[in-house]
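Working notes for the structure below.
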Amino acid sequence: MVSEEQSPDSVYLFAYATEKNNHHNGLHFAWSDNGEQWAPVGPEHSFIRSDYGTWGGEKKMFDPFLFRDNQGLWHLIWSLNHYDDVFAHAAVDDLILWRRQSYPQGVEGRNVLLPEVTFSNKDQNYRVTWLSVAHEDSSYYASTTNDFKTFSPPQEIQAAKRQDLRRDIEISGNMERGTVHKVPHSMVIELIAEHQKTEARNKLWSETTKGDSARFAGLEPLKVSLSVEGSKSKKISEQLIGIFFEDINYAADGGLYAELIENRGFEYALSDKKGSDPDWNSFKAWAVKGDQMTHRIKTENPLHPNNPHYVELTVADKGGALVNEGFGGIPVKAGEKYDFSMFAKVMKGRKGKILVRLMHGDNEVLAETEIKRIGSGWKQYSAELTASKTIDNARLELLPQSKGTLALDMISLFPQKTFRGRTNGLRADLAQTIADINPKFVRFPGGCVAHGDGLDNIYHWKNTIGPLEARKPQRNIWNYHQSGGLGYYEYFQYCMDIGAEPIPIVAAGVPCQNSSCGGAGQQGGIPMEHMDDYVQDVLDLIEWANGSPDTYWGKKRADAGHPEPFNLKYVGVGNEDLITDVFEERFTMIYEALQEKHPEIVVIGTVGPWFEGTDYREGWDLARKLDLAMVDEHYYQPPGWFIYNQNYYDNYDRNSSKVYLGEYAAHLPGRPTNLETALAEALYLTAVERNGDVVEMTSYAPLLAKERFTQWNPDLIYFNNTEVKPTVGYYVQKMYGHNMGDRYINSRIDLNGDYEKAVENRVAVSVVKDSQGQALIIKLVNMLPVALQTGLKVEDLKISATRATRTVLTGHPGDKKLLPVEDEIVVGSDFEVELAPYSFSIIRIEN
Ligand code: AHR
């Protein structure tokens, strides 16, 4: 290892982790000029945190061991927990910008504690040693490496061979254990500066409108001027606004998917909720009424192996009913028709009939029909029901009319009025509300749902196409159930229906790094011996979407009702994954196969869940290495971040990969969604439009949330069984969605005075031209508590129109319910408008 600095200005640096926050705080530094008195850098700034495994239970750092290699590169190894047989490694040049983490294997089945490293001059090798404790037995092991990627098989060693290189040092009154290094004082100064920079920017980013009255005390309404340089314009993306759809918050089953029966296939399982709810089983949402009938869940001779459970009813006499209450009640509308269907077979007894009813209250029949002569083999039966009343919480009852034993499965009820009248379709009001944004693309099926909770939970598109009874339901990573009824065919169909590009996201051969099932995190990935099959699945997706009906997969699409190709142009590979060697190997395989077989497809890579940090840097490095066409960025940040980061894309390399900002939202403490968050998003989107030559697409996330069933806030559209409740942020998306352009025109807002950044950054403008519609669109955001009298000098734009449409969204920052208001204003080469305090305005001039 490099000898540590001995220059006269060298100081001591102590690297350690604490128990605080349940070991989640990662690596800290303290320093000393005499080795006696120590000062923490921070206090306790976290320089790197463990990214191993699930949130909460994992992502811990125990006993970090820092050392420097022959080339001067720093390495950190640490123990992850007290049970797994792996440890962690990460390297860094400057102790600040850490590279990717890896989790090398220890002795299989034995934990790895107190790892440390020594260097053997003789072998020119690093030797990692660790303690492993199982029951009463503790042993030491060693493994050698020269690159920290490949390690020799671990060997047991004598305890005496361990050097125990850590020291115990008191930091802020607590004894901590770690490693001590001599470093130049300048290095400590940089670490302290890094901490101070973080503190300063966090302070800015945490500004909220709650502090506005003090922050802007004395600020009077301003007179500002907007000038436009008509001659300076650039081409920007025409598909900036799109949709991020993920089955989170009951967005699919019980949400956008119009099926009214919960657990229609009897496939809910305890494992959907990891056993936490004993009622979440195959009979969830079902009940049997009356003593004349009993039920059993069975799996022998199922309808389809992918759908193994069904209900068996033993009927002693008529009078009993099998009841489903839907997703918290079945909403029906007077006079509307509903399609009932089920698979059934008689196991014992006569070919009898079944009454099918929609019921309300004690005994009110809202609709009734009957299925006659159920036969002895699995067969689908269907009927139509017309509701006599509008009721939010009806229930479905099936009343067998003959004694005997019956098997039933896939019991389904759909309104006939689905979106665009599609069978197996979408809830019309929700689908329409989404379509009203005018999205240019729809991303699906996630989010985390795409890469799943552990290897077994990766979303496989092939499981979600074809006959419903043959689709493979699975656990939803958000702790519930996905029936797969809303599957790839339905997603693509919806895209066609609303004129949006489909953007499927497939897992990059690794599950979510935060996985809690089947191992800790993504490490491991799909075993390499199965990767060829997985890559083929991805290639098959292109054939399914775009291939002619003569091809194997194209035929499946055609058979499902869509002989014309879906014209798929994009495939996202990965979802904000941890960028590790495991990821890179698999991502590259998928990418290269797609490039080779389908160079026409734009592959969208992934650069982690943050706007900076290791995954962001490593993801971008990989994108540049592979020359990816586009990467998917994600960041959920406080409004202050959006206010102070409007220059985020200004310096992006125009010749590198393009950006799809696939997930973003402004998050206030407590996660409400209101005018404040919406305006922060609107403000930031003006900067995104300015960078529309780099950022090709954006999608707010998540999209949908069912009231009382949310796992994530805020969302764009809330709903319950009967109502759709768009948020204020939704209207920002809609205003942008209807006012996209294809050319960005240079413009500038002048506040006519010297104001602080806090004022300047709360006013934003973007001027775009929609060449097709010949419209000029001016977007103005005022996040200040005062009005802005704005003079617009737009002679350069050669406006011939004298009137324009103005759409304004304004109110109190805490308002959760607001609608944009539209009026007409007089425009010319020079005109004035007032921007209300806390407002977003769009002036659309049809020229
Ligand atoms: O949008 C909700 C979640 O946020 C997504 O599933 C995931 O990609 C991100 O962390």
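The values are calculated or read from the model by the stated rules, or taken from the named source; none is laboratory data. Note that the structure is predicted; figures quoted are calculated from it, not measured. Quick reminder, even Gly has a Cβ in these numbers, built from the backbone with ideal geometry, and neighbours come from all protein chains shown.
Only a single criterion out of (1) closer than 29 Å to residue 434 by Cα; (2) in contact with a Phe, Trp or Tyr (Cβ under 9 Å, 6 or more places away or on another chain) is not satisfied by residue 765, namely (2). Are any of the residues in the stretch 623-636 among the β-branched types (Val, Ile, Thr) and more than 18 Å from the chain's Cα centre (by Cα)? Looking through the stretch 623-636, none of the residues is among the β-branched types (Val, Ile, Thr) and more than 18 Å from the chain's Cα centre (by Cα).
Among the residues making up the stretch 638-661, a single one is assigned to a strand (DSSP E or B) and surrounded by fewer than 22 Cβ atoms within 10 Å (Cβ to Cβ): 658.
Taken as a whole, the stretch 434-443 holds at least one residue that is surrounded by fewer than 24 Cβ atoms within 10 Å (Cβ to Cβ), modelled with pLDDT of 95 or more, within 16 Å of the ligand (Cβ to nearest atom) and over 24 Å from residue 303 (Cβ atoms). Residue pairs whose Cβ atoms lie under 9 Å apart, separated by 6 or more positions or on different chains, with the first residue in the stretch 131-146 and within 11 Å of residue 107 (Cα to Cα) and the second outside any strand (DSSP E or B) and of a type in the set (Ser, Thr, Tyr), are 142/152; 143/152. Can you find, within the stretch 662-691, the residue that is nearest to the ligand (Cβ to nearest atom) among those that are over 22 Å from residue 762 (Cα atoms) and assigned to a strand (DSSP E or B)? Looking at the filtered set, the residue picked out is 663. The sole residue among 481, 460, 451 that is away from the ligand (no atom under 16 Å from the Cβ) and surrounded by 24 or more Cβ atoms within 10 Å (Cβ to Cβ) is 481. For beta carbons closer than 6 Å, sequence separation of 6+ or different chains, a first residue in the stretch 670-686 that is under 15 Å from residue 207 (Cα atoms) and touching a residue at least 12 places away in the same chain (Cβ under 8 Å) and a second that is of a type in the set (Phe, Trp, Tyr) and part of a helix (DSSP H, G or I), the qualifying pairs are 680/642.
I'm trying to understand the selection: among the residues of the stretch 183-206, which are in contact (Cβ under 8 Å) with a residue 12 or more places away in the chain, in a helix (DSSP H, G or I) and over 20 Å from residue 31 (Cβ atoms)? So that I can check it myself, show each step before the final result.
Taking the stretch 183-206 first, the residues in contact (Cβ under 8 Å) with a residue 12 or more places away in the chain are 183-188, 190-192, 194-195, 198, 201, 204-206.
Those left that are additionally in a helix (DSSP H, G or I): 185-188, 190-192, 194-195, 198, 201, 204-205.
Across the stretch 183-206, the qualifying residues are 201, 204, 205.
Scanning the stretch 712-757 for residues that are outside the structural domain of residue 784 (by TED's automatic domain parsing), surrounded by fewer than 15 Cβ atoms within 10 Å (Cβ to Cβ) and either more than 30 Å from residue 332 (Cβ to Cβ) or in contact with a Pro (Cβ under 9 Å, 6 or more places away or on another chain) (or both) yields a count of 1. Checking each residue in the stretch 582-613 for being more than 16 Å from the ligand (Cβ to nearest atom), polar (S, T, N, Q) and under 21 Å from residue 101 (Cα atoms) picks out only 588. The condition (being buried (at least 18 other Cβ atoms within 10 Å of the Cβ) and either within 30 Å of residue 818 (Cα to Cα) or of a type in the set (Asp, Glu) (or both)) is satisfied by just one residue among 675, 628, 622: 675. None of 511, 563, 504 is within 18 Å of the chain's Cα centre (by Cα) and within 22 Å of residue 467 (Cβ to Cβ) except 504.
Among the numbered conditions (1) surrounded by fewer than 23 Cβ atoms within 10 Å (Cβ to Cβ); (2) within 23 Å of the chain's Cα centre (by Cα); (3) modelled with pLDDT of 95 or more; (4) more than 16 Å from the ligand (Cβ to nearest atom), the only one that residue 518 does not meet is (3). Assessment of the stretch 812-827 against the conditions (free of Cβ contacts under 8 Å to residues at least 60 places away in the same chain, in contact with a Ser or Thr (Cβ under 7 Å, 6 or more places away or on another chain), under 16 Å from residue 221 (Cα atoms) and not assigned by TED's automatic domain parsing to the domain that holds residue 704) yields no matching residue. Out of the residues in the stretch 731-757 that are outside any loop (DSSP other than H, G, I, E, B) and either small (Gly, Ala, Ser) or out of contact with any Ser or Thr (no Cβ under 8 Å at 6 or more places or on another chain) (or both), state the one that is farthest from residue 679 (Cα to Cα). Taking the candidates together, the pick is 747.
Of all residues in the stretch 93-114, those that are surrounded by fewer than 18 Cβ atoms within 10 Å (Cβ to Cβ) have Cβ atoms under 8 Å from Cβ atoms of residues that are at pLDDT 95 or above and of a type in the set (Lys, Arg), 6 or more apart or on another chain, in 97/617.
When residues in the stretch 321-338 are screened for being surrounded by fewer than 17 Cβ atoms within 10 Å (Cβ to Cβ) and in a strand (DSSP E or B), 1 of them pass.
Yes or no: residue 173 away from the ligand (no atom under 16 Å from the Cβ), within 31 Å of the chain's Cα centre (by Cα) and without any contact (Cβ under 8 Å) to a residue 40 or more places away in the chain?
So residue 173 does not fit the description; no.
Residues that are outside any loop (DSSP other than H, G, I, E, B) and either within 15 Å of the ligand (Cβ to nearest atom) or among the hydrophobic types (A, V, I, L, M, F, W, C) (or both) within the stretch 484-502 comprise 492, 495, 496, 498, listed in sequence order. Would you check if residue 54 is assigned to a loop (DSSP other than H, G, I, E, B) and modelled with pLDDT of 95 or more? Criteria not met by residue 54.
At least 3 residues being touching a Ser or Thr at 6+ places or on another chain (Cβ under 7 Å) and modelled with pLDDT of 95 or more is the threshold, and among the strands (runs of 3 or more DSSP E) wholly inside the stretch 60-134 those reaching it are 62-68, 87-92, 113-120, 125-134.
Could you tell me which residue of the stretch 692-728 is nearest to residue 662 (Cα to Cα), considering only residues that are near the ligand (Cβ under 10 Å from one of its atoms) and of a type in the set (A, V, I, L, M, F, W, C)? This residue is 701.
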